[in-house]
Amino acid sequence: MSELHPSAPTLRKGRRSHRIRQVIDHWPLLVWAAVLAIAVFGYSQGIVFDRMNGAVDVQPEEIAPTEDGRFLSLGNGIKIGMPVADGDEIGRMDPSMIELDISRFEARLRLRGQGDGEKSHERLVELRRDQLDAAEELKLVENELQGLEKELTFLKNAQLPPAVVEDRRRKVEFEIELLKLRRNSQSEKNDVLIAAVKERTEILKKATDGEGVEHPMDEDDAERLEMMNLRKENLILKTNRAGIVDRILKEPGEFVKAGEAIAKVVADPTHIWGFLPQQEVTAVRAGDEVWITSAIDRFTTFKSTVLNLAPRIDNVRDSASPLPNQAVRGRTILVDYPKESGFLPGQPVIIHLKKPGELSLMTKFFNLFRR
């Protein structure tokens with residue numbers, strides 16, 4: 001035994017116990033070598049981009065009238081936080097002014113219809129008078145024609161000198177031919193007037209109401225009346241999309257100008273916005289599958305799809321930057337909103353390009369107590 005190690009056993013080189021003792025004596029160096037190897041391997045693999053920040057899109061809708069007026073009332077049961085469907089009534093404006101305009105317009109139409117009706121009746125009376133005159137004229141022509149035909153028959157049978165009879169007979173025959181032409185013309189005129197009287201009578205009968213007043217409605221009048229009725233319908237303020245009532249900005253009885261909102265409705269989410277850094281612009285394409293998790297609770301995952309990407313690279317707002325208080329250049333992406341997630345508008349989320357892996361046993365163990 002030596003003086004420095006009086007109790008140390010003598011080790012023989014080459015034995016197994018000697019080699020084990022040497023490894024144990026140098027274990028700190030082995031640990032550091034292993035750490036260095038892992039670091040070199042990680043560096044050689046590079047940084048893997050597999051997730052990005054995102055937020056559920058907020059789509060506010062302002063419910064506002066299209067013209068000035070008095071705010072009459074809110075819809076049935078409308079209050080802040082109430083869910084509404086597409087086309088639900090949010091409020092109603094006072095329709096008295098438009099109803100007054102419609103009643104005045106219809107009154108002018110009735111007055112004008114009375115004047116036009118009187119003119120139509122006067123025209124019908126004129127047609128009937130012309131038809132009676134034509135019928136009387138036709139009767140006179142027929143009587144005169146009958147007289148000449150009797151005279152012609154008498155001349156043919158009379159015992160008179162041939163020279164006298166022949167000259168009168170020719171004159172009578174000529175007058176008979178003229179009267180026949182006149183009778184035919186007068187008969188046609190009388191038929192036309194009879195048809196005109198009948199047609200005008202039917203038109204007046206169809207165009208008049210129970211009081212016998214005509215209501216003409218040309219294209220301009222019909223279009224103007226339709227526009228006024230449309231203005232009246234627009235006084236009922238409705239939602240364009242389903243959502244939740246966020247604010248009520250006016251009270252019933254207040255005067256509201258056109259375009260001034262009486263309430264705000266936040267529409268149900270339809271998509272999620274994400275931010276893709278400039279150096280990773282090729283990591284995502286439209287149609288790729290992604291997985292969404294809440295920025296607070298990352299244990300529940302929802303599968304979704306990339307709908308589209310922004311057409312250019314631009315500066316992102318500081319509030320949405322992955323680095324605090326720094327502006328970062330990149331592209332925004334549009335991701336389909338998973339309805340089963342229940343994410344609220346504006347809620348921050350994490351968009352994963354790869355499905356998140358299984359949790360470690362220790363994390364699972366602590367998660368049991370966390371829930």
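Every number in this text was worked out from the coordinates using simple rules, so none of it is lab data. Bear in mind the structure is a predicted one, so any value in this text is a computation, not a measurement. Neighbour counts run over all protein chains shown; Cβ positions are idealised from the backbone, glycine included.
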Query raised in the report: So, in Å, what gap is there between the alpha-carbon centers of segment 281-315 and segment 49-75?
Result: 24
Query raised in the report: Want the number for ASP288 to GLU149: 0.36 nm per residue separation, take away the alpha-carbon distance, what's left?
Result: 39.4 nm
**Report entry** Pairwise label distance in nanometres, VAL281 with ILE80, each label 7 Å out on the Cα-Cβ vector
**Finding:** 4.4
Report task. Run down the aspartates and glutamates and flag those whose C-alpha is under 15 Å from the C-alpha of LYS198, throwing out any fewer than 8 positions away in its chain. Result -> GLU122, GLU126, ASP130
Requested in this report: Sort LYS238, LYS198 so the one with the fewest other Cβ atoms within 10 Å of its own Cβ comes first.
Outcome: LYS198, LYS238
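Structure shown: which of LYS156/LYS180; LYS303/LYS354; LYS303/LYS355; LYS232/LYS264; LYS79/LYS250 lie over 18 Å apart, alpha-carbon to alpha-carbon? List each step's numbers first, then the result.
Numbers: LYS156/LYS180 20 Å; LYS303/LYS354 10 Å; LYS303/LYS355 9 Å; LYS232/LYS264 22 Å; LYS79/LYS250 12 Å.
Over 18 Å Cα-Cα: LYS156/LYS180; LYS232/LYS264.
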Query raised in the report: Which aspartates and glutamates have a Cα lying under 15 Å from the Cα of LYS150, excluding residues fewer than 8 positions away in the same chain?
Result: GLU142, GLU173, GLU175, GLU177
Query - Net charge of neighbours whose Cβ lies under 15 Å from the Cβ of LEU334, counting Lys and Arg as +1 and Asp and Glu as -1 - result: -2
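By count of other Cβ within 10 Å, fewest leading, how are VAL328, VAL141 ordered?
Numbers: VAL328 15, VAL141 20.
If I rank by nearby Cβ atoms, fewest first, I get VAL328, VAL141.
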